[in-house]
1. Given the convex hull over the Cα atoms of segment A:3-51, what projected area results after averaging over all orientations, in nm²?
2. Using a 10 Å cut-off around each Cβ of peptide B:34-40, what is the average number of partner chain Cβ atoms that fall inside?
3. Mind ranking B:257-267, A:174-184 by how tightly packed they are, going by the mean number of other C-beta atoms within 10 angstrom, highest first?
4. What list of ³J(HN,Hα) couplings, whole Hz, do you get for segment A:300-306 from phi and the Karplus terms 6.51, -1.76, 1.60, once you set θ to phi - 60° and write x for glycine and proline?
5. Give the accessible area for B:H78 in Å² (nearest 10); use a 1.4 Å probe, count only protein heavy atoms, and leave out ligands, DNA and RNA.
6. Starting from the Kirkwood Rh over alpha-carbon pairs, what translational D in µm² s⁻¹ does the protein assembly as shown have by Stokes-Einstein at 37 °C and 0.692 mPa s?
7. Taking the highest mean first, how do the peptides A:113-126, A:390-403, A:78-91 order by number of other beta carbon atoms within 10 angstrom per residue?
8. Check B:R217: other-chain or 5+ apart residues with amide H under 5 Å from its amide H, H built from backbone geometry?
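The values are calculated or read from the model by the stated rules, or taken from the named source; none is laboratory data. Computed from a predicted model, the values in this text were never measured in an experiment. When we count neighbours, we look across all protein chains shown, and the Cβ atoms used for this are built from the backbone with ideal geometry, even at glycine. These area figures cover heavy atoms from the full protein model, side chains too; ligands, DNA and RNA do not enter into them. Shrake-Rupley method; radii C 1.70, N 1.55, O 1.52, S 1.80 Å.
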Amino acid sequence: MSNQESMNRVRAGLARRYAAERRFRMYGVIAILLSLAFLLMLFVSIIGNGYTAFQQTYIKLDVNFDPAMLDPTGSGDMKIINRTGDFQGVIKQALRDAFPGVTKRGDKRNLYGLVSGGAGFELRDRLHADPGLMGRTVSIWVTADAEIDMVVKGHIDREVPEDDRRVKDQTIAWIDALVAEDRLEKRFNITFFTAGDSRNPEQAGIWGAAVGSVYTLIVTLVLSFPIGVAAAIYLEEFAPTNRFTDFIEVNINNLAAVPSIVFGLLGLAVFINFFGMPRSAPMVGGLVLTLMTLPTIIIASRAALKSVPPSIREAALGIGASKMQMVFHHVLPLAMPGMLTGAIIGMAQALGETAPLLMIGMVAFIVDIPGGVFDPSTVLPVQIYLWADSPERAFVERTSAAIMVLLAFLVTMNALAVLLRKRFEKRW
Amino acid sequence: MKTTSLLLTAAIAAAFSANVNAAGRDYVSIVGSSTVYPFATVVAEHFGKTSEYKTPKIESTGSGGGLKLFCAGVGVEHPDITNASRRIKKSEYDQCQGNGVKDIVEVKIGYDGIAVANSKEAPRFELTRKDLFLALAKQVPGEKEGELIDNPYTTWKQVNASLPDIKIEVLGPPPTSGTRDAFAELAMEGGCKKIDWIHDMKKKDKKAYKAICHTIREDGAYIEAGENDNLIVQKLAANPNALGVFGFSFLEENADKIQGSTVDGIAPEFDSIADGSYPVSRPLFFYVKKAHVDSVPGIRGYIAEFTSEKAWGDEGYLSERGLIPMPKEERAKFAKDAADLTPLAM
């Protein structure tokens, strides 16, 4: 074949090869656009459903802290007042004063439904903070009931015939009257970020689950990072290459692909049934998630160690460092950013996990904010699952809001991983 | 390196000190039915806020799973109370006895209705239990007596000429759900025994009878929509031709979007479930481990809160959540038994 001939052949195929390349690029762009579109759909639906949950309706009432109702024995002792004081009764009195026209028993019951069933506890806390309120009449913003909140936010349609609505015309008239007097407004929903779970949507918050998640992740990190890094260092730097280490390597790779529920079953059998640890504790959750994230961390750490060039090892050994000194003084610091990235990605994975926690009892209704790793607690994704399954309408928006909080956590963690890599990673 | 090994040691030490921590428990541990869960959690929250005790911890494990955990033994690592959307079975009771859980206190808390509902955009269905059985059973009686054929019906009109000419499409809970068990037992079996020769079979061959009456078709007409009742409600609102099966409290909360079908001429309403005329309703229970009452603080208080009139009474806060209260005399009886911790005999 002459030179000319082969040039002709190349030219003849050129257009086709360019076209193939353009097509391939186009496929890539389509794939990215498609995934972006799905992501956008997800965000639009979650944020569209959930952003209203960051606001909550409050009602201003002129509350009389009547000693006759709050402290009938006249003891002045906060402990007795806490237990026997009729705080909800005080609120009912304030509502009756605000709507003197309501006299029928059934109507009164509906009227009391304007404010949250937990509003009495808000008053109690108010009185706790300032005992001087006793006996005075004060204007106080109390949390409105979740159904009132739904009407104000437009989630309950006023146009639907009255019989089909949970909120009746009478109540809607009261709401409009309160709005006209500037006694009803939407404010930032602090409760959502400070309270534990509750069956009253307006009293429910994400804080208990967030604290549970933090405890669980601390246990996971404290256990899985040192163990994972140590395992990686040994396997990569010290272990001889033989059948046995090959076997271990295959197993670690396999473990990374085991469905997480299996780790939950293991946790139930070993930690709870054999070691007798308490159910629903972040300690056990952390242990189970440690098992789950270990393979991820080991694999990432080994990759990080592998990427350190051999010349650095040889130089260290060449000037007389022991093998251990070589690893800990030279190789490990260079591999650390990669290891940390792996650890953070493992943690992010653990943060979003629910299935293994189901088996060890962390899917539970827990009101009190956990105070330690042995207190019963739940975690963010479980809280989302529990709210998604609640009948009350107001939990729909709270579910989406909780998803947003979880996503914010995840984005922060992943951003941290990227930042660490960008800042500390060395390239050779 | 030093800090790492220190952390490691600390973590391992913490892991093994867990036993010490588990020795005493200062909160009530409750497991059991997902149907009772919405009611038990409300009571627990009230109890936690108004007493000096901690708020009980409630896990939703399903009735069967709850009883299994409950019957595993006596001691703080085992739950104190289990909720159930059906009565404890003899086999479960025996298992409890075998594991040393001798005295069990049964508390009936009220009733729950199972609604068959569709979107408000479509006309209301007027069903009978027999319609439900014929539309949803895997095998239905053929032309001859004693003959069973694979369910041939594809539209409601074929099942019963008075029903609309719409494809049979029912969204309901999966087999793991207590709601599904109760639906099979109350609605399907209720319709099934209206057919004489099947009814006669009950005495002769109970197993075969149950297999016919309780087996739901798997050819796509019954769609398992997961345990999440909210999801079923959303799907019904989007698809006016579908029917859904779920707990009454979800129907009540979403009355602006969906409507309950009448069953045997009775609509699923608060009053009709309370007086027992609505056929697809069931009692709900919780069971207390008597051996724990004095060792775990708060159990007595929790029982008292649950059985108080302000909780389970006609106008109590549980009725607002969709629990159908028992008649007054029955409440008084169970409240007394609960307060005296009268053990269950089986």
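1. Working: hull surface 14.5 nm².
Over all viewing directions, segment A:3-51 projects a mean Cα-hull area of 3.6 nm².
2. Values: counts 1, 0, 0, 6, 6, 1, 2.
For peptide B:34-40, the averaged partner shielding equals 2.
3. Details: B:257-267: 19.3, A:174-184: 15.3.
Averaged packing, sorted descending, gives the order B:257-267, A:174-184.
4. 5, 5, 5, 4, 5, 5, 4
5. The accessible area of B:H78 comes to roughly 40 Å².
6. Details: Rh = 30.0 Å.
Rounded, D is 109 µm²/s.
7. On the way: A:113-126: 21.1, A:390-403: 23.2, A:78-91: 17.0.
My ranking of the peptides, most packed first, is A:390-403, A:113-126, A:78-91.
8. Here B:A137, B:K138 satisfy the definition.
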